[in-house]
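Worksheet: one structure, shown below.
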Amino acid sequence: MTGTAATAGGDSSEPVAALIVGAGPAGLATAACLARRGVDALVLEAGPSLANSWRHHYDRLRLHTVKQQSQLPGFPFPKTLPRYPSRADVIDYLEAYAAHFGIAPRTGEPVRRVSADGDRFVVESARAVYRARAVVVATGLNRAANPERLPGQDVFRGELLHAAAYRNGDAFKGRRVLVVGAGNTGAEIALDLVERGAKPTLALRNPVNVVPRDFLGMPTQLTSIRMRWAPLPLADAIGRLVSRLAFGDLTRHGFARPDVGPLSAIKRRGRIPLIDVGTIAAIKRGEIAVKPAVERFTEAGAAFADGTGEEFDAAVLATGYRPALADFVAVPGVLDDAGVPRVWRGGGACPNLYFVGYRQPATGLLREIAIEAEAVAAQIARTPRALAPAGPAA
């Protein structure tokens, strides 16, 4: 059974051929792809259960990608689910996926350090030290909330939380809430606040491309898949045209025009467009106010870049996440200056160290995870030294 390479007490007394860090979609997909190729992998998960990150996302979350293009290898989403599965649907799917492939992650065992030792890797967890021929890091792009602090944040007397701690707007009914950041998380939290009876203001930190989740009945994801080989200028032009047809002139509603189109923003800057699920309509109805970037917090609210200021009862910082790989990956040269893997398939001085789930294409993260998991598993399976057990750590 995948995930049983160590004893219950944490002693790595049995050999480890491949070790996977993280039991979210990327880790589970890689473990399943390895199992289908006859490679047993030990899966370590820091949280108390698999799909731990998904269990802590805000309640309203749904996939922005269609289920047929979001399923992991070898196991489709149930036909009874809607086109865009909910957070709870995804959790149920990942649990069923693990059960289907016999994946039993070692939960509650955070990895503290991954280092290289000759042709093997030493993985130090909170419970044990393992040696493995191949290691797959799959802890996700959103492993840690950004630690960024805004000017004056400490003097604000209202309730303040990062989006990572936001569950739903029930506690904010009737309250004035500032949402800082208009990415997909911030925009959807603002919409959730409206639906729960709050009075949200959305502060735009940077110009953002806005695209509809569906246009003329066609999911934007499927359009992106069909256009993935198109020249960037053409793809950007089409993306901007679709946005204009779907929403009109958004500059009238406080959205500055980005200097690059939606596809260029992804490929050059790693910025995913705001995939609208109703926020723009709520803004046009006057239910969500839009302001420019927060210049500073005040005791009673915030001052904005346009010189205005308002009072707020609470603020949600939708300021993003980071993979935080440098916290535990101690292999020189594998991460770039931004802390992102240089080579996800393995290569260079550490050919058997892999990273799955750290690229964010326009065609969908879960679709990309499925592609990467298959590729990584195939490479590990055809590498004889990776298949040979490395033995216990000294």
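The values are calculated or read from the model by the stated rules, or taken from the named source; none is laboratory data. A quick note: this is a predicted structure, and the numbers were derived from the prediction, not measured. All Cβ positions, glycine included, derive from the backbone under ideal geometry; neighbour counts span all protein chains shown. Surface areas here come from the heavy atoms of the whole protein model, side chains and all, with no ligands, DNA or RNA. Shrake-Rupley method; radii C 1.70, N 1.55, O 1.52, S 1.80 Å.
Observations, loosely collected:
- 10 Å binning of all Cα-Cα separations within segment 244-308, expressed as whole percents from 0 upward: 17, 40, 35, 8, 0
- When peptides 217-223, 44-50, 284-290, 18-24 are sorted by average Cβ neighbour count within 10 Å, with the highest value leading, the order is 18-24, 44-50, 217-223, 284-290.
- Cα convex hull of segment 119-230 - mean projected area over all directions, nm²: 13.3
- Where Rh is the Kirkwood radius over Cα pairs, Rg/Rh for segment 46-119: 1.07
- Ranking ALA35, LEU72, PHE215 by Cα position along the charge dipole of the chain, where only Lys, Arg, Asp and Glu carry charges on their C-beta atoms, puts PHE215 farthest toward the positive end.
- At 0.890 mPa s and 25 °C, Stokes D of segment 1-152 from Kirkwood alpha-carbon radius, µm² per second: 150
- From the coordinates shown, Cα extents along the principal axes in Å corresponds to which of (1) 56, 52, 42; (2) 79, 47, 38; (3) 63, 47, 41: (3)
- Stretchable slack from ARG157 to ARG55, in nm (0.36 nm times residue separation minus alpha-carbon distance): 33.8 nm
- Peptide packing for 269-282, 246-259 was compared via the average number of neighbouring C-beta atoms within 10 Å per residue; ordered from the highest value, the list is 269-282, 246-259.
- For the chain, accessible area per residue (1.4 Å probe, heavy atoms of protein chains only), Å²: 44
- Apportionment of accessible area to carbon and sulfur, segment 218-284, percent (1.4 Å): 58
- Placing +1 on the Cβ of every Lys and Arg and -1 on the Cβ of every Asp and Glu, with nothing else charged, gives the chain a dipole about its Cα centre of roughly 900 debye.
- Rounded percent of accessible protein surface that carbon and sulfur make up, segment 70-123, 1.4 Å probe: 50
- Lysines with Cα under 23 Å of LYS291, excluding same-chain neighbours fewer than 8 positions away: LYS173, LYS199
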